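The values are calculated or read from the model by the stated rules, or taken from the named source; none is laboratory data. Keep in mind that what you see is a predicted model, and the values were worked out from it rather than measured. No Cβ is skipped: glycine too gets one built from the backbone with ideal geometry, and neighbour counts run over all protein chains shown. Surface accessibility is based on the protein's heavy atoms, side chains included, excluding ligands, DNA and RNA. Shrake-Rupley method; radii C 1.70, N 1.55, O 1.52, S 1.80 Å.
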Amino acid sequence: MKYESQKVALAYFIVALALFAVQVTVGLIAGYVYVAPNFLSELLPFNILRMLHTNSLIVWLLLGFFGAAYYLVPEESETEIHSVKLAYIQLAILVVGALGAVIGYVFRIHEGREFLEQPLWVKLGIIVGALIFLFNVSMTVLKGRKTAITNVLLLGLWGIAIFFLFSLYNPSNLSVDKMYWWYVVHLWVEGVWELVMAAVLAFLMLKMTGVDREVIEKWLYAIVALSLFTGLLGTGHHYYWIGTPSYWQWIGSIFSSLEVLPFFAMVLFTFNMVWKRRREHPNNAALLWALGCAVLAFFGAGVWGFMHTLHGVNYYTHGTQVTAAHGHLAFFGAYVSLNLAIMTYAMPYLLGRQPYNQVLNMLSFWVMSSAMAFMTFTLTFAGVVQTHLQRVLGQGYMEVQDQMTLFYVLRLGSGAVVVIGALMYLWSIFGPVKPELVSRDANAAPAE
C-alpha cells in the first residue's frame, strides 16, 4: 500500500463482504421457499426475501466498486485521496440507507418496483452519497496523474450516478415506467458497470503481470468502445413485449447479440496479459479470480445472454427460469468475481500481512464457481421444461411449477454449496494466516 488514504477502502470492503454474506444466506432461504412454499410465508414472504436478496447484492457490489476506486485511484493518480473524512461520511450515509431500506422491506414499506424498491428518502440518501463519492474521487484524479484506467473508471462511476436518477421518475403509464426502469437496470449492468469492470481488471493486470501500460490501455479502450456500442442500443432486448414500437425487436436483437463481444474481448485481454507477463506476482489467488471473472462473465453474460436475446426465442423464454440462469451466472461472473478479485489483491496490503491463505481462497473460487455453474445448468434445464410446458403446450403456471420440484431441489443444493464457498472466502481473508508455498517466491513481499 503506497498511500495512507487507501486504508479507507478496507472499511468499504468489510461492509461489502458482510452484505455478501447476507445476500447468499437470504438467497439460500429463498431457494428453500421454492421447495417448501409455506416456509416463512407469514414472517418473510417470498417477495420480501427476493427484495433482500437482490438489493443486498446491488448494494454490496456498489460498495465494492467504491472501495476499489478508493484503493486504485491514489496509486493511479499518484496522490492521496482528496478527503478521507468525506469517504467515511459517504460510507455512513450508505450504511444508514441500506439498514433503513431493509427495515422498510421487512415491515412492507417499499415502492414495489423490482430492484428499485427503496423508499424515496433512501434513494435521495444514495444520491447524496454518490455525489460525495464522485466529488471526492474526481478531485483526487484532477489533482494527480490522469491515466486511461482512471478515465474509464470515472466514466463508469459517473454513469452509475447519472442513470440512477431515472429511478426517481415513476410514471403512471406501465410501458413508460418500464422504459425508464430499464435505463437504470440495463444501463447499469450491461453498460456503465462494464466500464468499471474493465478498468478494475486493467488495474489488476497492470499490477500483477508487469505488462507495459500502453498495451493494457489499448485493450482497455477497445473493450470500452465495444461495451458502449453494443450495450446502449442493446437495451432494446428489454423492449420487446412492454408496448414499445416493433422496431425495437430488430434493434434489440441485433445489438444485444453483439453484447457477447466485449466479454469475449475481456477473456482475450486477461489471458493475453498473463501470457505476456513480466513478473511473477505472489498473489496467485487474485490472479485466479481475475481470470475467472473474465471467463465466467463471458459465459454468464455473453453466451447465456445470447441464448435467449433474439426476439423470436425470447417470445417463448421471457420470464422463465432461463432468465434466472442467465442472471445468476452473469452477476456472479462479471461483478461478484470482480469484487472478490480486487479484494483478494488489496486485502493483504490493507491488513498488513502476506496473502498466505491463498490455497483456501483459490479453493473457495472453485467451490463457488462450480456450484454456480451447476445452478446455471439446473435453471437452464428447468427453463427449457417450463417454456415447453407453459408456453408451447399452454399448461397453467402453477401446474408447471409442480413438475419442476426436482430442479428446485438441485438449485437449493448448489446454493448451499455457494454459501459454503462464500464462508471459505471470508475465512481466507479474515481468518488466521500461516505460510503456504504457492508461488516461486512465496516469502517475498507482495509486489506493487
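Of note:
- Residue match in the range 366-377 (condition: open to solvent by less than 10 Å² (accessible area, probe 1.4 Å), under 21 Å from Ile14 (Cα atoms), out of contact with any strand residue (DSSP E or B) (no Cβ under 8 Å at 6 or more places or on another chain) and in a helix (DSSP H, G or I)): yes
- If you go through the range 28-56 and keep only what is touching a residue at least 40 places away in the same chain (Cβ under 8 Å) and of a type in the set (A, V, I, L, M, F, W, C), you end up with Leu28, Val35, Leu44, Ile48, Met51, Leu52.
- Qualifying residue in the range 221-242 (condition: of a type in the set (Ser, Thr, Tyr) and closer than 20 Å to Leu72 by Cβ): yes
- When the range 4-61 is limited to residues that are aliphatic (A, V, I, L, M) and in contact with a Gly (Cβ under 6 Å, 6 or more places away or on another chain), the one that is nearest to Ala382 (Cα to Cα) turns out to be Leu28.
- Taking the numbered list (1) farther than 28 Å from Thr25 by Cα; (2) open to solvent by 30 Å² or more (accessible area, probe 1.4 Å) in turn, Ile81 passes all entries but (2).
- If you check Val224, Val211 for being among the β-branched types (Val, Ile, Thr) and within 25 Å of the chain's Cα centre (by Cα), only one passes: Val224.
- The range 416-433 - residue that is of a type outside the set (Val, Ile, Thr) and not in a helix (DSSP H, G or I) and, of those, surrounded by the fewest Cβ atoms within 10 Å (Cβ to Cβ): Pro432
- If the condition is being under 22 Å from Ala334 (Cα atoms) and in contact with a Ser or Thr (Cβ under 6 Å, 6 or more places away or on another chain), then the range 223-256 contributes Gly234, His237, Phe255, Ser256.
Table: residues versus (1) open to solvent by 30 Å² or more (accessible area, probe 1.4 Å); (2) modelled with pLDDT of 90 or more; (3) of a type in the set (D, E, K, R).
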| residue | (1), (2), (3) |
| --- | --- |
| Lys85 | yes, yes, yes |
| Leu91 | no, yes, no |
| Leu94 | no, yes, no |
| Arg108 | yes, no, yes |
| Ile126 | yes, yes, no |
| Gly129 | no, yes, no |
| Thr150 | no, yes, no |
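- Among residues of the range 4-27, those that are touching a residue at least 60 places away in the same chain (Cβ under 8 Å) and open to solvent by 50 Å² or more (accessible area, probe 1.4 Å), counted: 3
- For Arg391, the test of being among the basic types (Lys, Arg), touching a residue at least 12 places away in the same chain (Cβ under 8 Å) and assigned to a helix (DSSP H, G or I) is passed.
- A single member of Leu232, Leu201 is in contact (Cβ under 8 Å) with a residue 40 or more places away in the chain, in a helix (DSSP H, G or I), open to solvent by less than 40 Å² (accessible area, probe 1.4 Å) and of a type outside the set (Val, Ile, Thr), and it is Leu201.
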